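The values are calculated or read from the model by the stated rules, or taken from the named source; none is laboratory data. Only a predicted model underlies this, so the values are computations on that prediction, with no experimental measurement involved. So basically every Cβ, Gly included, is an ideal-geometry build from the backbone, and we count neighbours across all protein chains shown.
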Amino acid sequence: MIVKAMGFAESVFVARVIGADGFGLLTLVLSLTNIMIAVATLGVPPAVTKFLAGEVSTSSQASRSTVYMAVRLIAASSAAVCIAVGLVSYFLLAPYYSNPALLNMLILAVILVGLTAPLIPFANALQGLGKITQLNWVSVAGAAIGLVLAVVLAIALAERGALIAFLVGSAMPGFLALRYVKKGIRGLPNRDPAIPVSAKGMLNYGLPTLLAGLSVLAAVYAMNSWLAVSSGFVDLGNLAVAGSLAAVIGFVPSAMGIPLVPVLSSLNVSDPKRGRGLVPRAMRITAFVSVPIVVIVIIFAQEIIGVAYGPQFSGASPLLAILATSALIASITGVVGSQIAGSGQMWLGLEINLAWVTAVISSAAALIPRLGAVGASLAILTGYAVLGLILIIIGRRKLLLSFDGVTVPAAWSLAFVGIALVLQSFTGTIRIQAGVGVTLLCVVSIFVLLTGDERQLVREALVLLGLQSRSP
């Protein structure tokens, strides 16, 4: 939560400094940079976590060789990716966007990705070694360094400074984890046979993760590119700001979801029936915790945008209302995605991601030329609506989940979000007063629908967020 909060603060500060046009340019470059990082890392970082926690966990020599293999793979891949993207940027992308500043930023991104990508797997290695305290420390420290760099460099170098801060900050946890990883590996026993993981084994594990991530990142880049070309960087900046705020809605579900995948993984082996029963319960809790936040964000979008990012981003308020609804759908149905991951069906997850990509790309192609940033927001909403429907169908048919207990929370969520969307279009004090009343009614109605066990889970979620003190 602290890391995400600092990341959000970094986004707010940078957007205020460089403005909507500059933030849109930065968003486009970062969306391409994320693709570069995904290809450069080849899905290896999560494989490092998996193998250090499992196959080579009893051998210091094998663990060391596995980490070194991961770094060598990423270094070689990064070099190839940077050369390819550098050429594409110079000969194709710069002329296409007709923006001189874009070429300079892309070249800077290529250099930084080549230098920082090999550091990324060290944070994953720390997780695989079970050094969670150290992992939390390096994550917070890395986010803090990134925030400080953003403050200094955005003021001094505008968009280029912000790009440097984002990329260096993202690699900083890996850099800080390096000495802890060395120490952790030295502390492992060295039992025979010490067989390190091969490059082929590492790539085979990471391939589904790589393809799933690439499909999503490519869709995001395509949508951002269409919006930048058809409507300009200001519209793209507004969309990015709304997306950053909508991501805050996922803080609570993500805090709950941190232990969910390993719990479901364990239950799928030891007690599959109990694991299947946990999914609808988690969906109910996610809805009850998230909907009040979504209602507040939708109704008071104008005020939230104004306070966080300033009046220059006032055009982001209608986008925020749409993206907040998308975030709610993603949070609730994402629990089914956790069950898929917990059951080890990674290729099924890839197929579902491709369905989301297809829905978003087709919707964006139709809506962005007509509606600009609003069309892009509606395309994202369409994608998550399709994704949610697919997850429910797969959950019922393939995972044998029962969603009977989710029907009432789903109807309740739909009712309050619908009311919030209507109120969002009102003006003056009527919207404010009605919004306060609807929010209070939403919160009160939760405790009517919650069971006793669910009330305790909600309290635990609030404790994770720091919104409520832990009971003695």
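Do we have Leu440 as surrounded by fewer than 18 Cβ atoms within 10 Å (Cβ to Cβ), assigned by TED's automatic domain parsing to the domain that holds Phe300 and within 11 Å of Val291 (Cβ to Cβ) here? Steps first, please.
On the way: surrounded by fewer than 18 Cβ atoms within 10 Å (Cβ to Cβ): yes; assigned by TED's automatic domain parsing to the domain that holds Phe300: yes; within 11 Å of Val291 (Cβ to Cβ): no.
No, not satisfied.
Which one of Ala415, Ala365 is under 29 Å from Ala301 (Cα atoms), in contact (Cβ under 8 Å) with a residue 12 or more places away in the chain and not hydroxyl-bearing (Ser, Thr, Tyr)? Spell out how you get there, then give the answer.
On the way: Ala415 fails: in contact (Cβ under 8 Å) with a residue 12 or more places away in the chain.
Only one candidate passes the filter, namely Ala365.
Taking Phe426 and the conditions (1) assigned to a helix (DSSP H, G or I); (2) at pLDDT below 95, which numbered condition does it fall short on, given that it satisfies the others?
(1)
If a residue must be touching a Leu at 6+ places or on another chain (Cβ under 9 Å), under 10 Å from Gly383 (Cα atoms) and surrounded by fewer than 20 Cβ atoms within 10 Å (Cβ to Cβ), how many such residues does the range 345-368 contain?
1
Which ones in the range 226-242 are of a type in the set (Gly, Ala, Ser) and surrounded by fewer than 18 Cβ atoms within 10 Å (Cβ to Cβ)?
From the range 226-242, those of a type in the set (Gly, Ala, Ser) are 228, 230-232, 237, 240, 242; that's our starting set.
Those that are of a type in the set (Gly, Ala, Ser) and surrounded by fewer than 18 Cβ atoms within 10 Å (Cβ to Cβ): Ser230, Gly232.
Based on what the data block shows, is Ala9 modelled with pLDDT of 95 or more and surrounded by fewer than 20 Cβ atoms within 10 Å (Cβ to Cβ)?
Working: modelled with pLDDT of 95 or more: no; surrounded by fewer than 20 Cβ atoms within 10 Å (Cβ to Cβ): yes.
No: the conditions fail for Ala9.
Pick out the one residue from Ala144, Ala150 that is small (Gly, Ala, Ser) and buried (at least 20 other Cβ atoms within 10 Å of the Cβ). Quick ask: steps written out before the conclusion?
Working: Ala144 fails: buried (at least 20 other Cβ atoms within 10 Å of the Cβ).
After applying the criteria, what remains is Ala150.
Only one of these conditions is not met by Gly213: (1) surrounded by 22 or more Cβ atoms within 10 Å (Cβ to Cβ); (2) modelled with pLDDT under 90. Which number is it?
Checking Gly213 against (1) surrounded by 22 or more Cβ atoms within 10 Å (Cβ to Cβ); (2) modelled with pLDDT under 90, the one that fails is (1).
Determine which member of the set Gly375, Gly435 is among the small types (Gly, Ala, Ser) and under 16 Å from Ile298 (Cα atoms).
Numbers: Gly375 fails: under 16 Å from Ile298 (Cα atoms).
Going through Gly375, Gly435 in turn, just one is among the small types (Gly, Ala, Ser) and under 16 Å from Ile298 (Cα atoms): Gly435.
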